[in-house]
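Input: a single structure, listed below in structure tokens.
The values are calculated or read from the model by the stated rules, or taken from the named source; none is laboratory data. None of the values given here were measured: they were computed from a predicted structure. Here the Cβ positions follow ideal geometry from the backbone for every residue, glycine too, while neighbour counts run over all protein chains shown.
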Amino acid sequence: MAVSEFPKADTQFPGAYCLLCLAVASGAHSKLTDHVRTLSTDDLKPMQANLAELLRKRGMDVVVLDAPVKMAELPDFKGTGSAEQAFSPKDFSALKAKHGIDRLVMVNIGYLGVWRSYSAYVPTDVPKAVVGGHGYLIDLSTHRLEWSAPLSISRSAEGAWDEPPKFPGLTNAYFQALEDAIQAVTRPFVAAK
Amino acid sequence: MRAWPQLTACVLSLALAGLNAPASAAGIAPGAKHVLWDVPADGAVPWRGIPGTAGGAVGGAGAILYPGGAGLVGFFAAILTHGAIASSAQSAERKRVQDEADKVLLPYETLLRDLTLPKLWQAAQSHLASRAGTPAATLSPEAAAPAAAPTVTAEPATTGQARPMFALSQDSRTMVLDLDVVLGGAAAPTTTVIRVIAAPLADSSEAVAHWTRNDGQALKGNATAMLAHALDLAQRHLAVAPNDDVPMRSHRYIAAGETRIERGQLLSSACGRIVIRTLRGGVMSAIAAPAPGTTAEPPAPTPDCPEQERF
């Protein structure tokens, strides 16, 4: 099993699509952005070990790939999917050959940080801590997805959010979101009692 | 500074447990050995229902399309109007959600009306005084008299005001106390919130019967123990400056029957309960949640963790 290299925490302002809109949104949240970029992703590290432990409890022989996978450096998989059969977006053949594995559980964290939705120049919601990505179980002989689930976690600050310079409410929400992400990724693999 | 109109009549004096520490917190008089708590003379204890979506701010007023062709002035007017509408909509939504949440208190209306602030303070004082190892709490003899003068002690003291706000979860299983604490004089007060989250009842279907049985003995007993615990925490942890050497960590705890996360510094851990200093500088006490995939039974009563401290 493997996880992707975690992105650095950052802010985004979806909905502020024009250049001037984005400049206005970024300028209005410069202190928040400076703070969010200091936040660690270390709390996500137990995810891989937790997941491996759950797979072992299911009787699987698990190889944990210590080095995070750099998804952007992997070639795209050329196969085409269908409604009945989906394929991995990336070609993991190199990992199969290197580690002698036949299936890969891959957790790809695509983004994390704080997002605030906009309608052009105007915020339409409070900022929220977010973690997003995808989990896959891939048959490496065919690259067919045996399991796939999107990961989309969103957490608001309890009470006020605009508390510069350390934004304690949103910072707390960010770490809650990281924990939520670990739970969401591992939950499908918890054996029924 | 907040106004405390009804908090004038009597004084509860409690020794500061943490004052051997080298640094006192802001707002604490140097060398102070006691907190002289202003105790409310009358009034009901405030309660609220905890909304089902607690933990997330209300938002999402929806996207609004902006009119074109009105020029720059019209454009900015539209933005300002949108801001006002969104703010108003969010405020109205918060009130609606809170009003709905408060309905959980209806079965307890009579009990809560009877549980006044002075009664609760008196009970909390007795509770603290009965605890082994806790500095004895003394209520001044003048306490019963309206507008009595504060007790003057031989030792230096700092003044404190505390206002409790209790909350009940929607399944009636969990009580939460937020104690707003102001320490120090008017010149340099420090304001902190101490949150105490009680252990959830095992069965929500029995919750109303549990809390209301014997004239609300369990409800009043829990509220008393929680206030006493919060006052104890105020004295132990607000009297000393935060220790930056203690690392910030994510702590797992139980609230309303769910596992939640709070980032902060661990201050203490005992009786299955953790006390942490939150990122906002407040103090939170809650039942520690077991690690994922494990279960933990509540600790058995011991001299250090007596039954009356199990809330």
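Here are a few things to note about the model shown:
- Residue match in the stretch A:48-56 (condition: modelled with pLDDT of 90 or more, among the acidic types (D, E) and surrounded by 12 or more Cβ atoms within 10 Å (Cβ to Cβ)): yes
- Whichever residue in the stretch A:3-43 is among the small types (G, A, S) and crowded, with 21+ Cβ neighbours inside 10 Å and, among such residues, is farthest from A:Y118 (Cα to Cα): A:A9
Residues checked against (1) in a loop (DSSP other than H, G, I, E, B); (2) of a type in the set (S, T, Y):
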{"residue": "A:T33", "(1), (2)": "no, yes"}
{"residue": "A:S40", "(1), (2)": "yes, yes"}
{"residue": "A:L54", "(1), (2)": "no, no"}
{"residue": "A:A94", "(1), (2)": "no, no"}
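- Picking from residues in the stretch B:253-291 that are in a loop (DSSP other than H, G, I, E, B) and more than 15 Å from B:H229 (Cα to Cα), the one that is modelled with the lowest pLDDT is B:A291.
- Residue in the stretch A:137-179 that is farthest from the chain's Cα centre (by Cα), counting only those that are part of a strand (DSSP E or B) and at the interface with chain B (Cβ under 8 Å from one of its Cβ atoms): A:S156
- Selection within the stretch A:157-187: residues that are modelled with pLDDT under 95 and farther than 28 Å from A:A52 by Cβ. The member of this set that is surrounded by the most Cβ atoms within 10 Å (Cβ to Cβ) is A:E158.
- Taken together, the residues in the stretch A:119-136 that are without any contact (Cβ under 8 Å) to a residue 40 or more places away in the chain and either away from chain B (no Cβ under 14 Å) or under 19 Å from the mean Cα position of the chain (by Cα) (or both) amount to 2.
- Residues located in the stretch B:223-252, provided they are more than 14 Å from every other protein chain (Cβ to nearest Cβ), small (G, A, S) and either out of contact with any Ser or Thr (no Cβ under 9 Å at 6 or more places or on another chain) or in a helix (DSSP H, G or I) (or both): B:A223, B:A225, B:A228, B:A230, B:A234
- The single residue among A:V24, A:V64, A:V105 that is modelled with pLDDT of 90 or more and part of a loop (DSSP other than H, G, I, E, B) turns out to be A:V64.
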